[in-house]
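Contents: one structure, followed by commentary.
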Amino acid sequence: NFDAGAGYKLFNGPAHFLRAEAGVGYTIEEDIILGVLVPSRNYANARAALNYKWQFSKTAAFTNDFTFLLDLDQTSNWFITEKAAVTASLSSVFALQASWTLFFRNQPVPGFDNTDTATAFGIVAKF
């Protein structure tokens, strides 16, 4: 994806932060099904997002990021991504993060469901 857009801080408090974003871009999509490259799809897109953060202590935060992507060539082809995460600092550079992500695709690749989820645990480095 190549995107350009703008964001606006709706709320920027000491503990709670909410940002709205919108933009347009171009998607080059190449899917692989069972090791076979499916014909690519290229299209202009529109994107909207909401990003929320709750800094509930000096070293820990909860984040929730919602993104909606619309194929402007075929408007029935749209995507939603929703990621919730908890991050706890280990040091000034490293943190532990646990997240759960929901992926929804209105027109999935043949042979796949509309909805998928991912649970992840990892170490995050901030530079």
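For this structure, a couple of remarks:
- Dipole magnitude for the stretch 54-127: about 440 debye, using +1 per Lys or Arg Cβ and -1 per Asp or Glu Cβ, origin at the Cα centre.
- Projecting the Cα atoms of T117, F11, T75 onto the charge dipole of the chain, computed from C-beta unit charges around the Cα centre, puts F11 farthest toward the positive end.
- Among [x] 14.0, 36; [y] 22.8, 80; [z] 17.1, 50, the entry that matches Rg and Dmax of the Cα atoms in Å as calculated here: [z]
- Local charge for A44 was computed over the other residues whose Cβ lies under 13 Å away, with Lys and Arg +1 and Asp and Glu -1, and equals -2.
- Per residue accessible area in Å² of the chain, where ligands, DNA and RNA are left out and the probe is 1.4 Å: 66
- Dipole in debye (nearest 20) - the chain, about Cα centre, beta carbon charges: Lys, Arg +1; Asp, Glu -1: 700
The values are calculated or read from the model by the stated rules, or taken from the named source; none is laboratory data. Owing to the predicted nature of the structure, the values given are computational and were not obtained by experimental measurement. Positions of Cβ are backbone-derived with ideal geometry, glycine not excepted, and every protein chain shown enters the neighbour counts. Heavy atoms of the whole protein, side chains included, go into the accessibility calculation; ligands, DNA and RNA do not. Shrake-Rupley method; radii C 1.70, N 1.55, O 1.52, S 1.80 Å.
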